[in-house]
Amino acid sequence: MLRRIQLNQSNYYSPKANEQYFSVSQYKDFIKCEAMAMAKISGVYKPEMTRAMLIGSFVDAYFEGTIEQFIQENPAVFTRKQELRSEFRKANEIISRIKNDELFMRFMSGDKQRIMTFELFGVPWKMKMDSYLQHICITDLKVVANYRSLPYWRYDLQGALYQKGVEIVTGEQLPFYLAVATKERVIDLDIFQIPQPSLDMGLNEVAVNIGHFAEVKAGYVEPTYCGKCDYCKSIKAAKIRNYNELLEVT
């Protein structure tokens, strides 16, 4: 029987941890493209972090108390003159805006980056919560372009798995909230609770898909290629195509 590693802040994102455990982000990778997900797990494919992702990570790092380490590991936050790039000055504005909001800070006042592991639907899972208020709620911090983009990222799946994970580990079913700040010219911020019916539907969706994804991850089933993601484009060979394909309405 495979003995799984004990997870901590240092090894949570390690290749071994990603190989042994499913996570919300890994599950979402499998939804997008099974071949890409497998390439990431094996280390063959390492997508670059975009500037937009770095801004969110900058804010995350501040509130989890690892901002100095983040800056050391991501020198791109500075210009050649060692000045903070404009987008990260915006991140500092977002941080200041959050710190001055009493309600937002209350939701962010829980146990930071709390790691839990659990078994669900026959597979092992890992999760790391931005703010875990024991007996009260689970909160995840999000920095987004605008509120309209929230549903696109399927945070209902994250909420469903985090809620179920806490319930399995502690016996408590806690509400799940998104503490959201926007990168708009005028920063907006609010707390969004994902309704329980949405969380239930998200969990049911995971239940339907995870068996197949687990078989792919274990090597029992060949992964499918979406043909559209950056990974698929990076490995494809050229072929002759009909120009009129480009005129078709998708």
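Working note: Karplus 6.51/-1.76/1.60 with θ = phi - 60° gives the stretch 41-52 the couplings 4, 6, x, 5, 10, 10, x, 6, 6, 6, 4, 4 Hz, where Gly and Pro are set to x. Kirkwood-type hydrodynamic radius, the chain: 20.0 Å, calculated from all non-identical alpha-carbon pairs. Spin-label pair residue 102-residue 153: with each label point 7 Å from Cα along the Cα-Cβ axis, the two points sit 2.8 nm from one another. Note on residue 68 and residue 224: the extension gain reaches 52.1 nm, defined as 0.36 nm multiplied by sequence separation minus the Cα-Cα distance.
The phi torsions of the stretch 74-87, fed into the Karplus equation with coefficients 6.51, -1.76 and 1.60 and a -60° offset, translate into couplings of 10, x, 5, 5, 10, 7, 4, 7, 6, 9, 5, 4, 4, 5 Hz, rounded to whole numbers, with Gly and Pro shown as x. Taking 0.36 nm per residue of separation and subtracting the current Cα-Cα distance, fully stretching the chain between residue 20 and residue 6 would add 4.0 nm. The value of relative contact order for the chain, using C-alpha pairs under 8 Å at least six residues apart, is 20 percent.
Every read-out reported here was derived from the displayed coordinates using simple, explicitly stated rules and does not represent laboratory data. Values in this document were obtained by computation on a predicted structure and should not be read as measured data. Counting neighbours? That spans all protein chains shown, and the Cβs are built from the backbone with ideal geometry, glycine included.
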